[in-house]
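Below is one structure, written out as structure tokens; comments come after it.
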Amino acid sequence: MIRATDVKGQHLFKQAAADTVVLDFDDRHRRRMAMTGTRGLEFLLDLENAVALRGGDALVLEDGRLIEVVAAPEPLIEIRGSDPAHLVRLAWHLGNRHLPTQITGRGLRIRRDHVIEEMVKGLGARVIAIEAPFDPEGGAYAAVAETHDHAGHGHAHDRHDHGHHGHAHGKHGHDSHDHAAHGDAGHVHDETCGHDHGHHDHSHAHDHK
């Protein structure tokens, strides 16, 4: 099986992609796994280190072809404050609980968690249920690593295993998100994968741990 051994960062490539993989947040944080693109191309992701892939990145196959990474929509909540100071306060409470959090122009996004929803509502927040790709912040260390990679290697995505220990934190104590709830959004599954991926066809993958 052909391997993907390198990653090109978001929009740092002009070559047309040979195929596409549609991955949720968890499945964009892997080092080695078998994948099948939406057009049927099978390959083995085989990186030297685990990498935090982002939508718009490209996996580089041994023969030079590219596989584009698409971030799959996931069940999220968007948390909005009454003013900037209120939103900062809400962000502090999420950070204090080590929750992976995405910052947008309108508010804060986290995976659906009824306990946290009730908490932020109690703090005066407005909570909106949405389906969207999840791309949380990677932490201060990850930001430094990303800046370094921009300068040296062009790996704009390389936020591996540091700030993204947060996605494991999100699982303990708050694990209300459920891969089954993702429906046919097109995310990667494990060896039992048999789901239809809707308009994204059948992009799937298997962990090799």
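Quick check, is H86 of a type outside the set (D, E, K, R) and either within 30 Å of H114 (Cα to Cα) or surrounded by 17 or more Cβ atoms within 10 Å (Cβ to Cβ) (or both)?
yes
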Cβ pairs under 6 Å, 6+ apart or interchain, first in the stretch 78-92 and of a type outside the set (V, I, T), second in a helix (DSSP H, G or I), ordered by first then second residue, are G81/L87; G81/L90; L90/V120
The residue from H153, H164 that alone is at pLDDT below 95 and open to solvent by 50 Å² or more (accessible area, probe 1.4 Å) is H153
Among residues of the stretch 1-36 being in contact (Cβ under 8 Å) with a residue 60 or more places away in the chain and among the β-branched types (V, I, T), the residue farthest from L53 (Cα to Cα) is I2
Reported set for the stretch 7-26 where residues are open to solvent by 10 Å² or more (accessible area, probe 1.4 Å) and either at pLDDT 95 or above or not in a strand (DSSP E or B) (or both) is Q10, H11, L12, F13, K14, Q15, A16, A17, A18, T20
Reported set for the stretch 96-112 where residues are at pLDDT below 95 and of a type in the set (G, A, S) is G105
Do we have E74 as surrounded by fewer than 19 Cβ atoms within 10 Å (Cβ to Cβ), in a strand (DSSP E or B) and on the phi < 0 side of the Ramachandran plot here? no
L61 fails exactly one of (1) open to solvent by less than 30 Å² (accessible area, probe 1.4 Å); (2) touching an Asp or Glu at 6+ places or on another chain (Cβ under 8 Å); (3) within 27 Å of R31 (Cβ to Cβ), namely (2)
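The values are calculated or read from the model by the stated rules, or taken from the named source; none is laboratory data. Model, not experiment: these values are computed from the prediction. Neighbour counts are summed over all protein chains in view; Cβ atoms, including those assigned to glycine, are modelled from backbone coordinates with ideal geometry. Ligands, DNA and RNA are excluded from the accessible area calculation, which covers all protein heavy atoms including side chains. Shrake-Rupley method; radii C 1.70, N 1.55, O 1.52, S 1.80 Å.
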